[in-house]
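Reviewing the structure listed below.
The values are calculated or read from the model by the stated rules, or taken from the named source; none is laboratory data. This is a predicted model, so every value here is computed, not measured. We place every Cβ from the backbone using ideal geometry, glycine too, and count neighbours over all the protein chains shown. For the accessible areas, the whole protein counts, side chains as well, though only heavy atoms, and no ligand, DNA or RNA atoms are used. Shrake-Rupley method; radii C 1.70, N 1.55, O 1.52, S 1.80 Å.
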Amino acid sequence: MRKWPKQHANLFAIGAFLLLAVVATHLFFIRPMAVKVRADRSYISTTLAELTSTGWPLDPGRLATYLQLKKAELNGGKLEGAVKDTIGMRRKSQDVINRCTSMLNNKIQKMFGNTTDFTHDVTRLDFQEEYNDLEQRLAGKNIFLTEEMLGLGENTQAQYTYQLMLQVWMLDRITSLIMDNNLTIQTDDKVVYQDEKGRKKAAAKLQFMPIIEYRLYDDDKTPYLYEIPLRFAIQGNTETVCKFLRILQSGGNFLPVSQIQVSSIPDVRNDDTQLSMETRNIRIEIECSAFFCPLDRPAGEPADRKSTAPKILPKGA
């Protein structure tokens, strides 16, 4: 075989090298980028189809305007075309929480000054003193409490003592409203209260349900709101019961009813001329709730300046 001239051999070597470079460039650079481009086009096409199905505007300018609108609705401010500023959803939600928790917060501020001091400083001695005082006052009105029925007693244990105190305050408010409206708390003959002299009385139908915690996110350590439900049974005439239900959410009270069951008590009247049955009294079972926010202020808002006034110490401190 005839030997190639040197120039031809050099040209062949250069051509082979260029061919290998082209193949390598295609395998390691062009082909992966082509695969990525196809994947990106598929992602863009799928995302565009999903966004189109939502009905949201896809124009960046319209989206920016819509974003500003939603921010104004969230934080408050003047909306386009509006005459005055609007109250944002943040403010509205905080106003709702303040309304829900005002009943218990007024008690906390009067005795402890603020929520933080209350949750950290309240002791079992404070709780036991409040509970015993309420128990004695109710016993004087023939309303007898038992831990078996109520789910709360002098020796009740809980992770947070302040929750026990909140239950006592709620029970105090409910029983006061019941008595002020001339209603009778029903009793359960199966649950017996025994006083210091050994006398036995039927326990009042008052029962705390488990406290409900509300969190914005599942991993939040502290709930932003507690719901404290109480179930009880009362008896009275239609007028007083209706008045009682109205008072539960008026006059500084916020005790919304979540469950209610009403049954009539017929009043039999028999005389020489007629026998009649009239429904004058009704028996009603109610579950209502009080609310407590363990935070002194909404998240993200600056702390209020501390008052220089001396703090009123709670009983037993």
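Some notes on this structure:
- Counted residues, the range 202-247 - those being over 26 Å from Cys293 (Cβ atoms) and open to solvent by 80 Å² or more (accessible area, probe 1.4 Å): 2
- Condition met for Tyr66 (open to solvent by less than 100 Å² (accessible area, probe 1.4 Å) and among the aromatic types (Phe, Trp, Tyr)): yes
- Across the range 1-13, the number of residues qualifying as surrounded by 10 or more Cβ atoms within 10 Å (Cβ to Cβ) and either among the polar types (S, T, N, Q) or touching a Cys at 6+ places or on another chain (Cβ under 6 Å) (or both) comes to 1.
- When Leu171 is tested against the conditions (1) under 15 Å from Ala139 (Cβ atoms); (2) not in a helix (DSSP H, G or I), the lone failure is (2).
- Pairing each residue of the range 148-163 that is touching a residue at least 24 places away in the same chain (Cβ under 8 Å) with any residue that is open to solvent by 30 Å² or more (accessible area, probe 1.4 Å) and of a type in the set (Lys, Arg), provided the two are 6+ apart or on different chains, yields C-beta distances under 6 Å for Thr161/Arg124.
- Arg199 open to solvent by 80 Å² or more (accessible area, probe 1.4 Å), among the basic types (Lys, Arg) and closer than 30 Å to Ser93 by Cβ: no
- Gly153, sole failed condition from (1) assigned to a loop (DSSP other than H, G, I, E, B); (2) among the small types (Gly, Ala, Ser); (3) open to solvent by 40 Å² or more (accessible area, probe 1.4 Å): (3)
- Top-ranked residue of the range 14-33 - restricted to ones that are open to solvent by less than 80 Å² (accessible area, probe 1.4 Å) and not small (Gly, Ala, Ser), ranked as nearest to the chain's Cα centre (by Cα): Pro32
- Check on Asp126, under 23 Å from Tyr162 (Cβ atoms), in contact with a Gly (Cβ under 6 Å, 6 or more places away or on another chain) and modelled with pLDDT of 90 or more: yes
- Residue list for the range 174-211, filter: over 14 Å from Ile228 (Cβ atoms), part of a loop (DSSP other than H, G, I, E, B) and touching a residue at least 24 places away in the same chain (Cβ under 8 Å): Asn181, Asn182, Leu183, Gln186, Asp195, Lys205
- Among the residues of the range 34-63, those that are surrounded by 10 or more Cβ atoms within 10 Å (Cβ to Cβ) and either hydrophobic (A, V, I, L, M, F, W, C) or more than 50 Å from the chain's Cα centre (by Cα) (or both) comprise Ala34, Val35, Val37, Ala39, Ile44, Leu48, Leu51, Trp56, Leu58, Leu63.
- Restricting the range 158-196 to residues that are over 17 Å from Glu147 (Cβ atoms) and among the hydroxyl-bearing types (Ser, Thr, Tyr), the residue that is least open to solvent (accessible area, probe 1.4 Å) is Tyr162.
- Residue in the range 136-143 that is in contact (Cβ under 8 Å) with a residue 60 or more places away in the chain and of a type in the set (Gly, Ala, Ser) present: no
- Residues that are within 12 Å of Lys201 (Cβ to Cβ) and either in contact with a His (Cβ under 6 Å, 6 or more places away or on another chain) or open to solvent by 20 Å² or more (accessible area, probe 1.4 Å) (or both) within the range 122-140 comprise just one, Ala139.
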